[in-house]
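For reference, the structure discussed in these notes is given below.
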2 protein chains.
Amino acid sequence: MSGNTDTTPPPGPFDDVFGANADYVENFSLAGLEPLAARGLALVTCMDSRIEPLEMLGLGPGDAKILRNAGARVTDDTLRTLVLAVYLLGVDRVLVLPHTRCKMASVSGDAEVHRLIETRHGVDTRSLEFHTDNDQLGALEHDLERIRHHPLLPKKLPVAGAIYDVDTGKVSPVDL
Amino acid sequence: MSGNTDTTPPPGPFDDVFGANADYVENFSLAGLEPLAARGLALVTCMDSRIEPLEMLGLGPGDAKILRNAGARVTDDTLRTLVLAVYLLGVDRVLVLPHTRCKMASVSGDAEVHRLIETRHGVDTRSLEFHTDNDQLGALEHDLERIRHHPLLPKKLPVAGAIYDVDTGKVSPVDL
């Protein structure tokens, strides 16, 4: 790898994060972790910057596979990732965890997002499916069903849903 | 939300993580974070359980949008998520960060994964695209290009790639 890797951080917009990594390496404590999820969990959650997905569930590095996208939606990308996680990486249970005050659940639908981006930035995004849904629990139920009935995932794989409250830290299981 | 939310953790395979959340709520320190990424970064990385994506880059909760799937690949799901992150959630730079010893880069290709899962579990996964690629830097270059040339993302959006070393914690920028 070293032949193709420039180990000198280039000047520019990523200097701060590449620079900060030097301290991390100095105090690195995660060497020796196994590639298998030690506690068997795959967590599907949102990209949201307010979410710290391990501590909220009493987990640490090495314990879980973490999948994140806009809205914690179960997309085809999520499903191919879960198939790999289950059969090759020690995952034996899946939790899907959207959160309160999510932009993806606070709009009336994709059309509103398209209008918002067009108005603010002059960009026509109508060729994209954003997977917004203002019925958050309905969307979660749909997403849980996509996993539970996927023909390539084990029929008895435990699959649960919960909502993370960004204001209190509470994870509330939902019975769907 | 409370009307449809069962706040009593059900007995079963998620008891440990739901139970642990009670302590987290008790000591919750992230209230009041803004939905916008405070430091403007979107990080695309792998679901791998060995990765702690914030500390390694000197980031904390609230700073960055985190996107994770198998292999840190830039899929259509990644792209729709980045469009939302850039236009609605304060993201103004993107770092794509695969890692060393990634299963997705250590096989000869999808065919090997299909054979492995068939042999170990008797499941025929050949209908899926896993997006494995044993040329990790080639895949990363491809993925950076997908973002850089996406017609709906800003032409001047800074986009960088780096490799995370799971044995040392080092993030090595790559010039692609």
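Once you average over the residues of B:83-91, how many Cβ atoms of partner chains fall within 10 Å of each Cβ?
Details: counts 7, 13, 5, 3, 8, 10, 5, 1, 2.
Whole-number average of other-chain Cβ neighbours for B:83-91 is 6.
Counting just the Cα atoms, what span does segment A:21-91 cover along each of its three principal axes? Round to the nearest Å and put the largest first.
The Cα atoms of segment A:21-91 stretch 38, 29, 23 Å along their principal axes.
Please give the charge dipole size of the protein assembly as shown, origin at the Cα centre, charges +1 on K and R Cβ atoms and -1 on D and E Cβ atoms. Round to the nearest 20 debye. Walk me through the numbers before you get to the answer.
Values: 34 positive and 52 negative charges, 106 e Å.
Its charge dipole is roughly 500 debye.
Assuming 0.36 nm per residue, please report the length gained on full extension of the stretch B:LYS156 to B:ALA20 beyond their Cα-Cα distance. Walk me through the intermediate numbers first.
Values: separation 136, 0.36 × 136 = 48.96 nm, distance 4.35 nm.
Taking 0.36 nm per residue and subtracting the Cα distance, the gain is 44.6 nm.
Considering only the protein assembly as shown, what is the antiparallel percent among its DSSP beta bridges, to the nearest 5? The partial results should precede the final answer.
Working: 9 of 39 bridges.
Bridges in the protein assembly as shown that DSSP calls antiparallel: roughly 25 percent.
Could you work out the relative contact order of segment A:45-102? I mean the mean sequence separation of Cα pairs under 8 Å and 6+ apart, divided by the number of residues, in percent.
On the way: 43 pairs, mean separation 26.0, N = 58.
Here the relative contact order equals 45 percent.
Placing unit charges on C-beta atoms (Lys and Arg positive, Asp and Glu negative, everything else neutral), compute the dipole magnitude of chain B about its Cα centre in debye, rounded to 20.
Values: 17 positive and 26 negative charges, 118 e Å.
In debye, rounded to 20, chain B gives about 560.
Computing the accessible area with a 1.4 Å probe over protein heavy atoms, can you report the carbon and sulfur percentage for segment B:4-92?
Working: 1550 of 3050 Å².
Here it works out to 51 percent.
How big is D for segment A:99-176, in µm² s⁻¹ as a whole number, if Stokes-Einstein is applied with the Kirkwood radius of its Cα pairs at 37 °C and 0.692 mPa s?
On the way: Rh = 14.5 Å.
Here the translational diffusion coefficient equals 226 µm²/s.
Rounding to the nearest 20 debye, state how big the charge dipole of segment A:68-166 is about its Cα centre with +1 on each Lys and Arg Cβ and -1 on each Asp and Glu Cβ. Please list the in-between numbers first.
Details: 13 positive and 14 negative charges, 67 e Å.
Dipole size: approximately 320 debye.
Which of the trypsin sites (Lys or Arg not before Pro) found in segment A:20-66 are loop residues per DSSP with 12 or fewer other Cβ atoms within 10 Å of their Cβ?
Details: sites: A:ARG39, A:ARG50, A:LYS65; in loops: A:ARG39, A:ARG50.
Counting only loop positions with at most 12 other Cβ atoms within 10 Å, none of the trypsin sites (Lys or Arg not before Pro) in segment A:20-66 qualifies.
Hey, what does the equivalent ellipsoid look like for segment A:59-111, semi-axes from the Cα gyration tensor as sqrt of 5 times each eigenvalue, largest first, whole Å?
Values: eigenvalues 131, 38, 10 Å².
In descending order, the three semi-axes are 26, 14, 7 Å.
Mind checking which aspartates and glutamates have their Cα closer than 12 Å to the Cα of B:LYS155? Skip sequence neighbours fewer than 8 apart in that chain.
By straight Cα distance, B:LYS155 reaches B:ASP92, B:GLU145.
Mind checking the log10 I(q)/I(0) for segment A:24-148 at q = 0.14, 0.18, 0.20 Å⁻¹? Debye, one equal scatterer per Cα, no solvent, two decimals.
Per q value, in the given order, log10 I(q)/I(0) is -0.70, -0.99, -1.12.
Per-residue ellipticity at 222 nm for chain B, helices alone: DSSP H runs ≥ 4 residues times -39500 (n - 2.57), over residue total, nearest 500 deg cm²/dmol?
Details: 5 runs with 54 residues, N = 176.
Result for chain B, helices only: -9000 deg cm²/dmol.
Who wins for biggest fluctuation among A:LEU88, A:LEU43, A:LEU67 in a Gaussian network model of chain A, springs between alpha carbons below 10 Å?
The residue that fluctuates most here is A:LEU88.
What is the spin-label model distance, in nm, from B:HIS149 to B:SER127 if the labels are put 7 Å beyond Cα along the C-beta direction?
With each label point 7 Å from Cα toward Cβ, the separation is 3.2 nm.
Per residue and in Å³, how big is the convex hull formed by the alpha-carbon atoms of the protein assembly as shown?
Working: hull volume 46.1 nm³, N = 352.
With only Cα atoms used, the protein assembly as shown gives 131 Å³ per residue.
Which whole number gives the average, over all residues in B:134-142, of C-beta atoms from other chains lying within 10 Å of the residue C-beta? Please report the intermediate quantities before stating the final value.
Numbers: counts 0, 0, 2, 4, 1, 0, 1, 1, 0.
The per-residue average across the peptide is 1.
Between B:GLU34, B:GLU52, B:GLU129, where does the largest GNM mean-square fluctuation fall for chain B, given springs only between Cα atoms within less than 10 Å?
Among B:GLU34, B:GLU52, B:GLU129, the largest mean-square fluctuation in the Gaussian network model of chain B belongs to B:GLU129.
Put the label 7 Å from Cα along Cα→Cβ for A:PRO11; what are its distances to the other copies, in nanometres, shortest first?
Here the equivalent label points are 6.6 nm apart from this one.
Give the cross-link partners of A:LYS103 among the lysines, using a straight C-alpha distance below 16 Å as the criterion and excluding same-chain residues fewer than 8 apart.
Partners found: B:LYS65.
For B:ILE163, enumerate residues with amide H under 5 Å from its amide H, sequence gap 5+ or separate chain, H modeled in the peptide plane.
So B:ILE163 has HN proximity to B:SER172, B:VAL174.
Most mobile of B:ASP124, B:ASP48, B:ASP92 per a Gaussian network model of chain B (Cα springs, under 10 Å)?
Result: B:ASP124 has the largest fluctuation of those listed.
Which whole number gives the average, over all residues in B:144-153, of C-beta atoms from other chains lying within 10 Å of the residue C-beta? If you can, show how the numbers build up before the last one.
Numbers: counts 0, 0, 0, 0, 0, 0, 0, 3, 8, 1.
Average neighbour count from other chains, rounded to a whole number: 1.
Ordered by packing density, taken as the mean number of other Cβ atoms within 10 Å over each peptide's residues, highest first, how do A:150-156, B:110-116 rank?
Values: A:150-156: 13.0, B:110-116: 16.1.
Packing proxy ranking, top to bottom: B:110-116, A:150-156.
I'd like the distance separating the alpha-carbon centroids of segment A:106-133 and segment B:135-170, in whole Å.
25
The values are calculated or read from the model by the stated rules, or taken from the named source; none is laboratory data. The structure displayed is predicted, hence computed values, not measured ones. When we count neighbours, we look across all protein chains shown, and the Cβ atoms used for this are built from the backbone with ideal geometry, even at glycine. Please note that ligands, DNA and RNA were not included when accessible areas were found on the heavy atoms of the full protein model with its side chains. Shrake-Rupley method; radii C 1.70, N 1.55, O 1.52, S 1.80 Å.
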